Amino acid sequence: MEEKRKRNQPSDIQSAHEEWQQSYQKQMGKQQVIRNRSGLEVDPLYSPADSNNIFFNERLGFPGQYPFTRGIYPTMHRGRTWSQRQLIGLGTPDDYNERVMKLLDSGTSAISLLPCNSTFRGLDCDEIQEVLLGTCGTIINTIDHMETCLAGVPIEEISTAMNDPLPFTLLAFLLGVARRRGIPWERITGTSNQSDYISHFVANHMFFRLSLTGSRRMLLDHIAFCREKVPNWNPVSVVGQHMQQAGATPAETMGFTLSTAIQYAEDCLVRGMDIDSVLTRFTFFFDISISFFEEVAQFRAGRRIWARIARERLGALDPRSWRFKFHGQTSGVDLTRQQPLNNIARVTTQAIVGILSGLQSMHTDAYDEAISCPTEEAARIAVNTQNILREEAHLCDVIDPLGGSYYIESLTDQMEVEINSVIEKIDAAGGMFKAVESGLVQAMIGESALSFQRQIESGDQKLVGVNCYQLDEDQEVEPAPYRPNPDAVKALAESFKEYKAARSKSTVQRAIDNLARAANSENDNLFEQVVTAAEKGVTHGEIVACLRRELGEGKPIIKA
Amino acid sequence: MHESEVQMESPPRVLITKIGLDGHDRGSRIVAAYLRDAGMEVIYTPPWQTIDAVVGISRQEDIDIIGLSSLATDHLIIPELMTTLTNEGLDAVRVVVGGIIPQNEIQKLLDSGVSKVFGPGTLREEIIDNVKSLALSAQKLKRQKWEEA
Amino acid sequence: MDAMKQQKSISEKLFAKLQAGDVSALSYAIRAIENSEFESAEIYNRIKADIGRTAVIGFTGPPGVGKSTLINAYIDCIRSADQRVAVVAIDPSSPISGGAILGDRLRMATHIDDPGVFIRSVSNRGHLGGLCAAISGIINLIDVAGWDVILLETVGAGQSDTDLTDIADIKVVIQAPGLGDDIQAIKAGILEIADVFVVNKADMPLADRAMRQLQAMIDLRDDKNNRVPIVKTVATEGVGVDLLKAEIDLRSQKWKVVDRQARVKKRMHRLFAREVGRLMERKLASMNQSEFSQVYEKLILGDLKLNLLVERMVEELQEILGD
């Protein structure tokens, strides 16, 4: 650092800088090194000496211009604000519908559907203990359930994100509902938010259902189907969220996620798809942690690196392919159960980070998210947080306002180096698919998680209410957790049984057989069969069970 | 512990697992590492184990303590696990739960036979001390069971 | 602390349940043997009439060959033949704390609900040699409890798996193509210990070449009487596993044809030196160091030669046996 400073500065600035350094040193005495989550050292001050103005256009440029460090569009939030895309998921389809209609009234421009954990696991509501249903997401097992969820929702105008992993039965149900309403599939917009099967295997969350190789096939078929039949849908969302939540540092998260994107792009190329038609429909999904400047630098570096990868490594020619589009969700891992109202301050901070990072859409967590599915009031506060930041703090007025900050530009460059070294490691392991198969990525994440935990234990990393500023537990009155109405759940389970019984057995069996046949044939599009099966009344659990049988069940790859 | 050490204390055998639907296991892995570093033998499974599987593993592995992690709502089926353990003759096995349990639902767990519920922010030493002492009592119960003629 | 004094008898209740095949009893007894809570000689006396029925099959090979996948597929095969199988899965302990994370059974998760499969995770507690110190005791217990087959997978990469050589009746050595281990197989001495070779991932392009190399190595061995077969498998698909079982059963049959006691005898032959060494180590550790300090001094000075000392001891032993 010292050498760089001496090199770059004109002499009057130089001497003022040295003067500051001496006063600082004198007052501070011996100092401890401060590092951010990615392990990079954080200096007390950044100055003209730290800025790398030489290759301005190459490294920074202007918004909407390669390499997009300052933003992927020329206008960014000033032209069009980020989409507020709040996750909703609770109880029965009726509960979902009630919540989503209220949210549409309060200014949400896009919706996101979170299914019940049982659905994530590939189970129908009659296959699991009733007490577990609908507590963390909406129970959706059939096309009729989806119909109920979206009653009165103009799906041809509103963008809908589906949060289920492959085989994407939720999208299949959505398309079925669109057909019933006479809406052409070209009008359906949204994203398969959790299509990134690699991230699910890495972070071992509730998400994976099919084997790694089966998932690979399924995703490619999904991409191929959507390109042709649902052209305004984003079939690929490359997810950094799970890895960061599992403990990966921001640099690792971005490195792994970009490596995954490379893997999917290459898989598509092998399939014979044209790279631009594929990349223009790639989006990314990240957690936004509270490590303020590090996160902003991570995303700016991410944009720069992706642009280069898309153009130079993958050979994309369309500038839209070089754009790093991402949805951000404020990180639930930073929230605490102790003194939950503090989480409002945390989410606000994270939301600011997201906006300053230049995201395209955002979900803000509710303050009670650590304890249960959000209450209406908490969900409303979460949305208003975004509204306040936009309308009162005017965070949309200036594009990339942190750009040019000596700190941010220096940190962006440093993060770029870190992220690239992670990508190199993955390349050396043969690409992301192989790296995950071998457990390399999981091991790296586990180490970072343990390291962070040690910092919390030792008190180096302070968490308000947890290891400092604590309150006696008794003093706090916790809001009662959300639980769906047990009678409503029971009624749903009953009506589900009736639904199944009322179907034509032969139609259902034929649809399942077709699905199985397609799974064993390389020439069929598997997702197309899922959509067909859904329309014929096959349930979510039946579809997943069939595919598990044919393609293999997903198993965690754990090296303990 | 060198293999030639003559009287080996019986290191606690702990099963770290998750039942129900949620798969977030970052906390489980960290606790597993803590317990190993404290000299214990940890059998670690991925999440989504059925209750029957947990009981079967506990039997085969001579488990002293089952450490369950619950962050969402899977704690709601823990009473079912406790009943099954008793019915299967494994009531010597102690069960502890870590994670996020709503305040008003903790007592129900304790009433069902869970020995301890650790909230977020519980210090490592507290977990280790509790697991050690519960393991000792589990081992004692098993010894009594098997060594009475 | 003298372990010998602390040891106790195995209770009637426990023993009866063990013989009856009760899983809880077996599970408890294994723990006790690991912790040296029972006097192993005493246990042995009680069970010696019942052991020798179980075949002990060891699997070894370099990391990455697919041992776990193969063992899983092999378990399926055994179960289809209606036999009961036990697996002892050994993981290394932390050299610092002595604790261990035992994650091997994760990879055998499909057999969780099968009452005919017993999986036990064991920490090696610092023991070098590939298995664990108490392995013979554990095997005997599983034998008494009435299991047909015991599968062992070693911790190491093959070279240091001396335990397996002695303890397993049948050793399966697994290779996979393209791992760059062709030379390693020769260096490791693995050729000598194998009763059956497996080339896993046989669907890979270099599989045939790996097979030919192995075959050439085997042909170099003088032992024309003991044909060592090479079985090609694709463990992930279960391909070739039937053949593997057939080859293993063929060799296992040889024991059954003679008698159970012959198997025990052969095992004892292999294990004698090892067990003597282990007990000696424990005995010495439990004794007052000063008792032997004279001996150590003499050894250091060269006044006493260790090899001669051992020869004396063996002569004494032969005398005792002669009585």
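How compact is the range A:194-321 by the rule of thumb for globular proteins, expressed as Cα Rg over 2.2 N^0.38 Å?
Here the answer is 1.04, to two decimals.
Just order C:239-248, A:37-46 by mean Cβ neighbour count inside 10 Å, highest at the front, would you?
Top of the packing list down: C:239-248, A:37-46.
Please compute the contact order of chain A in relative form: average sequence separation of alpha-carbon pairs under 8 Å and at least six residues apart, divided by the residue count, as a percent.
It rounds to 20 percent for chain A.
With each pseudo-label sitting 7 Å past Cα toward Cβ, what's the A:ALA16-A:TYR406 distance in nm, one decimal?
1.0 nm
For q = 0.06, 0.10, 0.12 Å⁻¹, what log10 I(q)/I(0) does the range A:58-457 give under the Debye formula with an equal point scatterer on each alpha carbon and no solvent?
For the requested q values the scattering log ratios are -0.21, -0.62, -0.94.
Quick query: amide H of C:GLY126 versus all other amide H atoms, modeled in the peptide plane; which residues come in under 5 Å with a sequence gap of 5 or more or a different chain?
C:SER93
Provide the convex hull volume over Cα atoms per residue for the range A:84-224, in Å³.
Expressed per residue, the convex hull around the Cα atoms of the range A:84-224 is 108 Å³.
For peptide B:45-54, how many partner chain Cβ atoms fall within 10 Å of a residue's Cβ, on average?
4
Work out the length of the dipole vector of the range C:50-258 about its Cα centre, built from +1 on the beta-carbon of each Lys and Arg and -1 on the beta-carbon of each Asp and Glu, and round it to the nearest 20 debye.
In total the dipole reaches around 120 debye.
Arranged from highest to lowest average of other beta-carbon atoms within 10 Å per residue, in what order do the peptides A:180-192, A:23-35 appear?
A:180-192, A:23-35
Using only atoms on other chains, find how many Cβ atoms lie within 10 Å of each Cβ of peptide B:56-66 and report the average.
5
Under a point-charge model restricted to the Cβ atoms of Lys and Arg (+1) and Asp and Glu (-1), what is the dipole moment magnitude of the protein assembly as shown relative to its Cα centre, in debye to the nearest 20?
In debye, rounded to 20, the protein assembly as shown gives about 1700.
Identify, among A:GLN470, A:HIS200, A:LEU219, the residue whose Cα sits farthest towards the positive end of the charge dipole of chain A, taking +1 on the Cβ of Lys and Arg and -1 on the Cβ of Asp and Glu, with the dipole about the Cα centre.
A:LEU219
What net charge do the residues around A:HIS77 carry, taking every other residue with its C-beta under 14 Å from that of A:HIS77, with Lys and Arg at +1 and Asp and Glu at -1?
Overall, the nearby charge balance is +2.
Let me know the mean shielding of C:15-25 by other chains, meaning the per-residue number of their Cβ atoms within 10 Å of its Cβ.
2
Find how many whole Å separate the alpha carbon centroid of the range A:88-105 from the alpha carbon centroid of the range B:36-106.
34 Å
Working only with C-alpha atoms, what are the Rg and Dmax values of the protein assembly as shown, expressed in angstrom?
Expressed in Å, the Cα Rg and Dmax of the protein assembly as shown come to 31.7, 103.
Anything over 25 Å Cα to Cα? Flag those among C:LYS283/C:LYS305; A:LYS102/B:LYS108; B:LYS142/C:LYS8; B:LYS18/B:LYS132, in the order listed.
A:LYS102/B:LYS108
Roughly what % of Cα-Cα distances in the range C:207-323 sit above 21 Å, to the whole percent?
I get 67 percent for the Cα pairs in the range C:207-323 exceeding 21 Å.
Before anything else, pin down the relative contact order of chain B: Cα pairs under 8 Å, at least 6 apart, normalised by residue count, whole percent.
24 percent
Express in whole angstrom the spacing between the alpha-carbon centres of the range B:110-130 and the range A:526-546.
Each part's Cα centre sits 43 Å from the other's.
In the protein assembly as shown, what % of DSSP beta bridges are antiparallel (nearest 5)?
Taking every DSSP beta bridge within the protein assembly as shown, about 5 percent pair in antiparallel fashion.
Output ³J(HN,Hα) for the range B:99-105: one whole-Hz value per residue in order, computed from phi by the Karplus curve 6.51 cos²θ - 1.76 cosθ + 1.60 with θ = phi - 60°, and x for Gly and Pro.
Here the 3J(HN,Hα) series is x, 10, 10, x, 3, 6, 10 Hz.
List B:TRP48, A:TRP306, C:TRP147 from most exposed to least, where exposure is judged by having the fewest other Cβ atoms within 10 Å.
B:TRP48, C:TRP147, A:TRP306
At a temperature of 25 °C and a viscosity of 0.890 mPa s, determine how fast the range C:71-144 diffuses translationally according to Stokes-Einstein, using the Kirkwood radius over alpha-carbon pairs as Rh; express D in µm²/s, rounded to the nearest whole number.
For the chosen part, D equals 183 µm²/s.
Tell me the Kirkwood radius of the range C:271-322: reciprocal of the mean inverse pair distance over distinct alpha-carbon atoms, in Å.
So the Kirkwood estimate lands at 12.5 Å.
So what J values fall out for the range A:480-497 if you push phi through Karplus, 6.51 cos²θ - 1.76 cosθ + 1.60 with θ = phi - 60°, rounded to Hz, Gly and Pro as x?
Those phi angles translate into 5, x, 5, 9, x, 5, x, 5, 5, 5, 4, 4, 5, 4, 5, 5, 5, 4 Hz.
What list do you get for C:LEU299, A:LEU175, C:LEU106 if you sort them by fewest beta carbons within 10 Å?
Ascending Cβ contact count within 10 Å gives the list C:LEU299, C:LEU106, A:LEU175.
Testing the spin-label approximation: label points 7 Å from Cα along Cα→Cβ at A:GLU41 and C:SER293. State their distance in nm.
5.3 nm
Can you pull the semi-axes for the range C:50-258, root of five times each eigenvalue of the Cα gyration tensor, sorted largest first, whole Å?
Three semi-axes, in Å: 25, 20, 18.
Report the relative contact order of chain C, percent, no decimals, based on alpha-carbon pairs under 8 angstrom and at least 6 residues apart.
RCO, chain C: 19 percent.
Evaluate 2.2 N^0.38 Å with N set to the residue count of the range B:87-147, then give the Cα radius of gyration divided by it.
Compactness ratio reported: 1.26.
Sort B:GLU61, A:GLU522 so the one with the fewest other Cβ atoms within 10 Å of its own Cβ comes first.
So the ranking, lowest neighbour count to highest, is A:GLU522, B:GLU61.
Nearest 0.05, what FRET efficiency do C:LEU308 and B:ASP52 give at R0 = 41 Å with Cβ-Cβ as r?
Efficiency for this residue pair is about 0.10.
Got a sec to turn the phi values of the range C:201-214 into Karplus ³J(HN,Hα) couplings, 6.51 cos²θ - 1.76 cosθ + 1.60 with θ = phi - 60°, whole Hz, x for Gly and Pro?
Whole-Hz 3J(HN,Hα) from phi for the range C:201-214: 6, 5, 8, 6, x, 8, 4, 4, 5, 4, 4, 5, 4, 4.
Looking only at Cα atoms, what is the convex hull volume of the range B:13-129 per residue, in Å³?
Value for the range B:13-129: 90 Å³ per residue.
Just so you know, all these numbers are worked out from the coordinates, no wet-lab data involved. This is a predicted model, so every value here is computed, not measured. All Cβ positions, even for glycine, are placed from backbone atoms using ideal geometry, and neighbour counts span all protein chains on display.
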